[in-house]
Each structure stands twice: as C-alpha cells, then as structure tokens.
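Accompanying notes for the structure given below.
Nothing in this text is a laboratory measurement; each read-out follows from the coordinates by a stated rule. It should be emphasised that the depicted structure is a prediction, and the values quoted were computed from it without experimental measurement. Methodologically, a virtual Cβ is constructed for each residue, glycine included, from the backbone with ideal geometry; neighbour enumeration extends over all protein chains shown.
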C-alpha cells in the first residue's frame, strides 16, 4: 500500500518529477516525506540517492568530494552527490535541505537551475564542470518552523528553483490502515496499534489547540512495529520508545509527556494487564 497522500497532489508531484521539475516537500518531521520520495522513485522506475543536507557543515567535502594522496599521486575522490548527478535516471533526494549551510546552497544553485552543472576546483586552481546526467531529477525535503531546531527559512533564490508541496501528518485512522495493509499483524498487534493511534491523535489534537509544544510523529509509531511484533507491551512501548523522546528535552516538553501519559491511563494503557505482555 502506498503512503497516504492526497491523490491530486500525488499525481501533480509525479508529473512534475517526470517533466524534469525540482520538487520540495515541506512538513513536520517524521510525517513520511523521505518514505514518499522512495515511493516516487519506485513508481517511476528510477534509482534513488538520499543526500543528507543536514550533515553538510563542510559543504565542499560533503557535496563535492576531496583530494587525497594515493601511491604518491594526488587523486580526487568524488562525493556520493557527484556520483549521483552523473548516474542516469536517478532521483536525488536533498533531505533536510532547511538545515543546509549557505555554502551548500551556493553549490546547489547551478545544479538546480537551467545550467544543470557543478564546478569542481582542481588542486592546481583550475576548475572543471560536471554536467548533470540525462534523467536525473531532484526532490528536496524540509522541516520549516519554530518547532524544529537548526532549521531556518530557506533562501528565496533556492525556493524559486522548486515547486513546493506540504505533506501534513496523516490521521491516526489513516496510519493504522496503512500499517495493517502493509504489515502482517496478529489481532493483539492490531489492538496495540489502535491504542497507540489514539494517543497519537490526542497529541495532535492538543498541539493544534496550543496546549502542548510538540506531538507524536507518524514515524515514531511506525518505528515501533518491530517491538509490537516482538510482543512488548503497549505500556512499555509508549513509555520507553515513544514518550522517552520528550524527556530528552526541556521541562515543558517533559510535562507534555506527562499529559499524554494521563490520557493513555484514561484509555486503560496503565491499568490493563494485557497492555504489558512481557511482565
């Protein structure tokens, strides 16, 4: 089953990618943006290469490559990005573009516009241009907003190189349907997924009303499936694998976790003996 997205929006994004346009997916962290990029590549029968722009503090090395001494000779070792732009029929995912440095933006500009090329400076000071291969397409993901640290507003010149679509969080019902259709679950597993989806929905409801500062991501729930299938109890999964993420943060966020625990308790997570299978 495909990840949940508005059908019209899905068709538009596929059409733009096929037509050679750059697409940017914005939205909350853990909403499924990167997963969706892999699905697009699969749908269009393309190779897929993810470039983590959030780790490009040394942009020239991360995006271009580096020189090294080998057998007495200086050789250039290209980055995975350089290799990807030279590989035909590749969808390059510029992941977490909103966390990239200014140097990274400047390197990406000529690749993303009509020039479709990148300059590599040789050790002797000369530069050579590398053209983007036929069939290479670009899609970016970005977490934009005050909810996310180390992110910022994107440079307008960079935004103008993309068609932008927002991917909101899916509902708890949509998420449970996706999980049940794409994974083999026992009836007990399904019950646990339903319970976690209730807490997920509650967190989004409170966040929308401004009563808590963050919310449970879709990815947080989906990532617990291996624990659910291993018969860990829903109480332990909620406490140790989901709400524990809140407790690494400020006291305000810790309080948010306690609010969600109170709701979980109200639906029987902490009182129902079956909610903790490994006790």
Discussion item. Taking the 0 to 90 degree range and rounding to the nearest ten, how far is the long axis of helix 102-112 tilted relative to the main principal axis of the chain, both from C-alpha atoms?
Written reply: 70
Item to complete: Place the peptides 183-190, 20-27, 210-217, 41-48 in order of packing, highest mean first, counting for every residue the other Cβ atoms within 10 Å and averaging per peptide.
Response: 20-27, 210-217, 41-48, 183-190
Worksheet entry | Rounded to 10°, Cα long-axis angle of helix 172-182 versus longest principal axis of the chain | 70
Worksheet item: Say a paramagnetic label sat at a point 7 Å from the Cα of residue 134, along Cα to Cβ; which residues of region 75-98 have their backbone N under 20 Å from it?
Response: 83-92
Worksheet item: Got a sec? How would 67, 105, 162 order by Cβ neighbour count within 10 Å, fewest to most?
Response: 67, 105, 162
Discussion item. Quick check on the exposure proxy: order 34, 8 from fewest to most C-beta atoms within 10 angstrom.
Written reply: 8, 34
Worksheet, complete the sentence: Most exposed first, judged by fewest Cβ atoms within 10 angstrom, 81, 66 run 66, 81
Worksheet entry | Net lengthening on full extension, residue 68/residue 186 (0.36 nm per residue, minus Cα-Cα) | 37.1 nm
Discussion item. With a cut-off of 8 Å between alpha carbons and a minimum separation of six or more residues, what is the relative contact order of region 172-275 in percent?
Written reply: 27
Worksheet item: To the nearest 10 degrees, how steeply does helix 33-43 sit against the main Cα axis of the chain, on a 0 to 90 scale?
Response: 70
Worksheet item: What is the calculated FRET efficiency for residue 45 to residue 76, with r their C-beta to C-beta distance and R₀ = 25 Å, to the nearest 0.05?
Response: 0.20
Item to complete: Of the DSSP beta bridges with both residues in region 7-166, give the percent that are antiparallel, rounding to the nearest 5.
Response: 40
Discussion item. Between residue 174 and residue 160, what is 0.36 nm times their sequence separation minus the Cα-Cα distance? Round to one decimal in nm.
Written reply: 1.8 nm
Worksheet item: What number, rounded to the nearest 500 deg cm²/dmol, is the helix-based mean residue ellipticity at 222 nm of the chain, given -39500 (n - 2.57) per DSSP H run of at least four residues and division by all its residues?
Response: -11000 deg cm²/dmol
Worksheet item: So for the chain: antiparallel DSSP bridges make up what percent, rounded to the nearest 5?
Response: 40
